[in-house]
Amino acid sequence: AQSVTQPDIHITVSEGASLELRCNYSYGATPYLFWYVQSPGQGLQLLLKYFSGDTLVQGIKGFEAEFKRSQSSFNLRKPSVHWSDAAEYFCAVGVFQKVTFGTGTKLQVIP
Amino acid sequence: DAGVIQSPRHEVTEMGQEVTLRCKPISGHDYLFWYRQTMMRGLELLIYFNNNVPIDDSGMPEDRFSAKMPNASFSTLKIQPSEPRDSAVYFCATTSAGGDTDTQYFGPGTRLTVL
(Lines give C-alpha, C1' and ligand atoms only; values in the text may rest on other atoms or scores of the structure.)
Protein backbone atom coordinates (compact mmCIF):
# COMPACT_ATOMS: atom_id res chain seq x y z
CA ALA A 1 0.00 0.00 0.00
CA GLN A 2 1.09 3.53 -0.63
CA SER A 3 2.00 5.98 2.12
CA VAL A 4 3.08 9.59 2.37
CA THR A 5 5.09 11.45 4.99
CA GLN A 6 5.13 15.14 5.70
CA PRO A 7 7.87 15.60 8.28
CA ASP A 8 7.04 19.18 9.20
CA ILE A 9 3.89 19.65 11.26
CA HIS A 10 4.17 23.42 11.47
CA ILE A 11 6.26 25.97 9.55
CA THR A 12 6.50 29.71 10.09
CA VAL A 13 7.84 32.01 7.37
CA SER A 14 7.97 35.75 6.91
CA GLU A 15 5.88 37.33 4.21
CA GLY A 16 7.96 37.62 1.06
CA ALA A 17 10.28 34.78 2.03
CA SER A 18 10.60 31.59 0.05
CA LEU A 19 8.86 28.41 1.10
CA GLU A 20 9.54 24.71 0.75
CA LEU A 21 7.26 22.04 2.20
CA ARG A 22 8.58 18.52 2.24
CA CYS A 23 6.81 15.36 1.15
CA ASN A 24 8.09 11.81 0.81
CA TYR A 25 6.07 8.93 -0.51
CA SER A 26 6.34 5.18 -0.46
CA TYR A 27 5.10 3.07 -3.35
CA GLY A 28 6.57 0.42 -5.62
CA ALA A 29 6.12 2.44 -8.77
CA THR A 30 5.56 6.11 -9.56
CA PRO A 31 2.18 7.02 -8.14
CA TYR A 32 -0.01 9.97 -8.89
CA LEU A 33 1.08 12.83 -6.61
CA PHE A 34 -0.90 15.80 -5.42
CA TRP A 35 -0.67 18.85 -3.21
CA TYR A 36 -3.86 20.18 -1.70
CA VAL A 37 -4.44 23.26 0.48
CA GLN A 38 -7.03 23.64 3.21
CA SER A 39 -8.05 27.00 4.64
CA PRO A 40 -9.73 27.03 8.06
CA GLY A 41 -13.28 25.73 7.96
CA GLN A 42 -13.08 24.69 4.34
CA GLY A 43 -12.53 21.62 2.26
CA LEU A 44 -9.33 20.78 0.43
CA GLN A 45 -8.47 22.44 -2.85
CA LEU A 46 -6.00 21.13 -5.41
CA LEU A 47 -2.82 23.15 -5.86
CA LEU A 48 -1.09 20.91 -8.39
CA LYS A 49 -0.62 17.31 -9.47
CA TYR A 50 1.97 15.11 -11.11
CA PHE A 51 1.24 12.09 -13.25
CA SER A 52 4.17 11.85 -15.62
CA GLY A 53 6.41 13.93 -17.85
CA ASP A 54 8.18 17.09 -16.72
CA THR A 55 9.20 16.61 -13.11
CA LEU A 56 8.69 20.29 -12.28
CA VAL A 57 4.99 20.98 -12.01
CA GLN A 58 3.37 24.40 -11.89
CA GLY A 59 0.21 24.95 -9.90
CA ILE A 60 -2.15 27.67 -8.88
CA LYS A 61 -1.30 30.66 -6.70
CA GLY A 62 2.35 30.62 -7.79
CA PHE A 63 3.17 27.22 -6.29
CA GLU A 64 5.36 24.60 -7.92
CA ALA A 65 6.52 21.13 -6.95
CA GLU A 66 9.36 18.94 -8.10
CA PHE A 67 9.16 15.18 -8.37
CA LYS A 68 12.42 13.40 -7.56
CA ARG A 69 12.18 9.69 -8.14
CA SER A 70 15.57 8.93 -6.58
CA GLN A 71 14.48 10.55 -3.32
CA SER A 72 10.82 9.52 -3.47
CA SER A 73 10.01 13.14 -2.84
CA PHE A 74 7.53 15.69 -4.12
CA ASN A 75 8.36 18.95 -2.36
CA LEU A 76 6.21 22.04 -2.72
CA ARG A 77 7.82 25.45 -3.26
CA LYS A 78 6.89 29.07 -3.59
CA PRO A 79 9.45 31.83 -4.19
CA SER A 80 7.64 34.55 -2.25
CA VAL A 81 4.96 33.82 0.33
CA HIS A 82 1.92 36.04 0.80
CA TRP A 83 -0.07 36.39 4.01
CA SER A 84 -3.02 34.74 2.27
CA ASP A 85 -0.97 31.54 1.87
CA ALA A 86 -1.42 30.78 5.57
CA ALA A 87 -3.26 27.45 5.57
CA GLU A 88 -2.67 23.75 5.95
CA TYR A 89 -1.01 21.89 3.09
CA PHE A 90 -1.48 18.22 2.34
CA CYS A 91 0.62 16.02 0.12
CA ALA A 92 -1.22 13.02 -1.29
CA VAL A 93 -0.51 9.83 -3.18
CA GLY A 94 -3.06 8.22 -5.47
CA VAL A 95 -3.20 4.68 -6.79
CA PHE A 96 -6.25 3.43 -8.71
CA GLN A 97 -8.42 6.23 -7.35
CA LYS A 98 -7.51 5.53 -3.74
CA VAL A 99 -5.80 8.62 -2.36
CA THR A 100 -3.73 8.61 0.81
CA PHE A 101 -3.10 11.96 2.42
CA GLY A 102 -0.19 13.04 4.55
CA THR A 103 -0.73 14.45 8.00
CA GLY A 104 -0.43 18.00 6.74
CA THR A 105 1.87 20.96 7.31
CA LYS A 106 0.38 24.05 8.86
CA LEU A 107 1.89 27.22 7.42
CA GLN A 108 1.98 30.40 9.44
CA VAL A 109 2.98 33.64 7.71
CA ILE A 110 4.29 36.51 9.80
CA PRO A 111 4.54 40.14 8.66
CA ASP B 1 -21.28 24.39 -11.20
CA ALA B 2 -22.10 24.59 -7.48
CA GLY B 3 -19.38 22.15 -6.52
CA VAL B 4 -19.82 19.34 -4.02
CA ILE B 5 -22.65 20.14 -1.63
CA GLN B 6 -22.75 18.76 1.88
CA SER B 7 -25.41 19.10 4.52
CA PRO B 8 -25.69 19.91 7.27
CA ARG B 9 -22.59 22.06 7.75
CA HIS B 10 -22.72 21.59 11.48
CA GLU B 11 -24.39 18.88 13.52
CA VAL B 12 -24.53 18.60 17.28
CA THR B 13 -26.13 15.52 18.72
CA GLU B 14 -26.16 13.42 21.83
CA MET B 15 -24.53 10.08 22.25
CA GLY B 16 -26.73 7.26 21.03
CA GLN B 17 -28.59 9.31 18.44
CA GLU B 18 -28.61 8.53 14.75
CA VAL B 19 -26.75 10.97 12.52
CA THR B 20 -27.13 11.26 8.75
CA LEU B 21 -24.72 13.27 6.64
CA ARG B 22 -25.56 14.10 3.06
CA CYS B 23 -23.58 14.76 -0.08
CA LYS B 24 -24.51 15.90 -3.56
CA PRO B 25 -21.66 15.29 -6.01
CA ILE B 26 -20.65 17.41 -8.96
CA SER B 27 -22.79 16.45 -11.92
CA GLY B 28 -21.05 13.91 -14.12
CA HIS B 29 -18.57 12.76 -11.51
CA ASP B 30 -18.67 8.99 -11.17
CA TYR B 31 -16.51 8.55 -8.07
CA LEU B 32 -17.58 9.65 -4.60
CA PHE B 33 -15.43 9.48 -1.47
CA TRP B 34 -16.24 9.94 2.21
CA TYR B 35 -13.40 11.10 4.48
CA ARG B 36 -13.15 11.83 8.18
CA GLN B 37 -10.72 14.42 9.52
CA THR B 38 -9.58 14.61 13.13
CA MET B 39 -6.59 16.14 14.85
CA MET B 40 -5.38 12.76 16.03
CA ARG B 41 -5.78 10.71 12.87
CA GLY B 42 -5.69 13.30 10.10
CA LEU B 43 -7.69 12.69 6.94
CA GLU B 44 -8.93 9.13 6.63
CA LEU B 45 -10.77 7.56 3.71
CA LEU B 46 -13.87 5.82 4.98
CA ILE B 47 -15.48 4.49 1.80
CA TYR B 48 -15.71 5.24 -1.87
CA PHE B 49 -18.19 4.55 -4.65
CA ASN B 50 -17.88 4.20 -8.40
CA ASN B 51 -21.06 4.56 -10.44
CA ASN B 52 -23.08 4.33 -7.20
CA VAL B 53 -21.49 1.01 -6.20
CA PRO B 54 -19.34 0.79 -3.06
CA ILE B 55 -15.83 -0.22 -4.10
CA ASP B 56 -13.82 -0.09 -0.89
CA ASP B 57 -15.29 0.28 2.59
CA SER B 58 -12.23 -0.93 4.46
CA GLY B 59 -11.90 2.43 6.16
CA MET B 60 -15.31 2.34 7.79
CA PRO B 61 -14.44 2.15 11.48
CA GLU B 62 -17.19 -0.20 12.62
CA ASP B 63 -20.68 -1.44 11.95
CA ARG B 64 -22.19 1.71 13.40
CA PHE B 65 -21.16 3.44 10.18
CA SER B 66 -22.95 2.86 6.91
CA ALA B 67 -22.98 4.67 3.57
CA LYS B 68 -25.27 4.54 0.60
CA MET B 69 -25.45 6.03 -2.84
CA PRO B 70 -28.96 5.40 -4.18
CA ASN B 71 -28.33 7.42 -7.35
CA ALA B 72 -25.67 9.46 -9.08
CA SER B 73 -26.80 12.66 -7.38
CA PHE B 74 -26.89 11.73 -3.74
CA SER B 75 -25.02 9.89 -1.03
CA THR B 76 -25.46 9.51 2.71
CA LEU B 77 -23.19 8.55 5.56
CA LYS B 78 -25.05 7.33 8.61
CA ILE B 79 -23.81 6.74 12.13
CA GLN B 80 -26.10 4.77 14.40
CA PRO B 81 -25.68 4.96 17.34
CA SER B 82 -23.30 7.89 17.51
CA GLU B 83 -20.53 8.14 20.11
CA PRO B 84 -18.40 11.07 21.30
CA ARG B 85 -15.35 9.63 19.52
CA ASP B 86 -17.18 10.08 16.22
CA SER B 87 -16.79 13.84 16.61
CA ALA B 88 -14.88 15.01 13.54
CA VAL B 89 -15.24 16.84 10.26
CA TYR B 90 -16.63 14.60 7.54
CA PHE B 91 -15.82 15.44 3.94
CA CYS B 92 -17.34 14.24 0.73
CA ALA B 93 -15.20 14.43 -2.40
CA THR B 94 -15.91 13.50 -5.99
CA THR B 95 -14.02 12.99 -9.21
CA SER B 96 -14.47 11.99 -12.79
CA ALA B 97 -11.67 9.58 -13.39
CA GLY B 98 -9.88 10.21 -16.66
CA GLY B 99 -7.04 7.91 -15.70
CA ASP B 100 -5.64 5.98 -12.78
CA THR B 101 -6.29 8.68 -10.21
CA ASP B 102 -7.56 12.17 -10.75
CA THR B 103 -8.20 15.38 -8.87
CA GLN B 104 -10.76 15.10 -6.11
CA TYR B 105 -13.12 17.97 -5.47
CA PHE B 106 -14.03 18.40 -1.85
CA GLY B 107 -17.17 19.68 -0.27
CA PRO B 108 -17.03 22.14 2.64
CA GLY B 109 -17.45 19.37 5.18
CA THR B 110 -19.85 18.60 8.02
CA ARG B 111 -18.55 19.30 11.50
CA LEU B 112 -20.08 16.67 13.78
CA THR B 113 -20.06 17.01 17.53
CA VAL B 114 -21.39 14.15 19.62
CA LEU B 115 -21.97 15.06 23.24
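Given a 1.4 angstrom probe, I'd like the percentage of the accessible area of region A:1-96 that is carbon and sulfur, rounded to a whole number.
Working: 2290 of 4640 Å².
Using a 1.4 Å probe with all protein chains present, region A:1-96 comes out at 49 percent carbon and sulfur.
Annotation: amide H of A:Ala17 within the under-5 Å range of A:Val81, sequence separation 5 or more or interchain, hydrogens built in the peptide plane.
The count of lysine pairs in the protein assembly as shown that are at least 8 places apart or cross chains, and whose C-alpha atoms lie under 24 Å apart, stands at 18. When you filter the trypsin sites (Lys or Arg not before Pro) in region B:1-103 for DSSP loop state and at most 13 other Cβ atoms inside 10 Å of their Cβ, you are left with B:Arg9, B:Arg41.
Largest GNM mean-square fluctuation among B:Ser96, B:Ser58, B:Ser87, using chain B with Cα springs under 10 Å: B:Ser58.
Using R0 = 45 Å, the C-beta based FRET efficiency linking A:His10 and A:Val95 works out to 0.95. Ranked by solvent-accessible area (1.4 Å probe, protein heavy atoms only, all chains present), the residues A:Ile60, B:Ile79 order from largest to smallest as A:Ile60, B:Ile79. A probe of 1.4 angstrom, applied to the heavy atoms of all protein chains, finds B:Met60 with accessible area near 30 square angstrom. Among A:Gln71, A:Gln45, A:Gln58, which one shows the biggest mean-square fluctuation in a GNM of chain A, springs joining Cα atoms closer than 10 Å? Maximum among the listed residues: A:Gln71. Of the GluC sites (Glu not before Pro) found in region A:1-83, the ones in coil according to DSSP and having at most 16 other Cβ atoms within 10 Å of their Cβ are A:Glu15. If you run the Gaussian network model on chain A, springs between alpha carbon atoms under 10 Å, then out of A:Leu33, A:Leu48, A:Leu56 the most flexible one is A:Leu56.
For an R0 of 35 angstrom, estimate the FRET efficiency from the Cβ-Cβ distance between A:Ser18 and B:Asp63 and round to the nearest 0.05. That pair, A:Ser18 with B:Asp63, gives E of 0.10. At R0 = 25 Å, how high is the FRET efficiency between A:Ser26 and A:Thr55 if r is their beta carbon distance? Nearest 0.05 is fine. Working from the Cβ atoms, E equals 0.85. Quarter the surface of the alpha carbon convex hull of region A:1-94 and you get the mean projected area, 6.1 square nanometres. Note that region B:25-36 has calculated 3J(HN,Hα) couplings of x, 5, 4, x, 7, 9, 10, 9, 10, 10, 10, 10 Hz, one per residue in order, obtained from phi through the Karplus relation 6.51 cos²θ - 1.76 cosθ + 1.60 (θ = phi - 60°); glycine and proline are x. Placing unit charges on the Cβ atoms only, positive for Lys and Arg and negative for Asp and Glu, gives the protein assembly as shown a dipole magnitude near 140 debye about its Cα centre. With Cα atoms as the point set, the protein assembly as shown shows a radius of gyration and Dmax of 17.7, 52 Å.
The values are calculated or read from the model by the stated rules, or taken from the named source; none is laboratory data. Since the model is a prediction, treat every value here as computed from it, not as a measurement. No Cβ is skipped: glycine too gets one built from the backbone with ideal geometry, and neighbour counts run over all protein chains shown. Please note that ligands, DNA and RNA were not included when accessible areas were found on the heavy atoms of the full protein model with its side chains. Shrake-Rupley method; radii C 1.70, N 1.55, O 1.52, S 1.80 Å.
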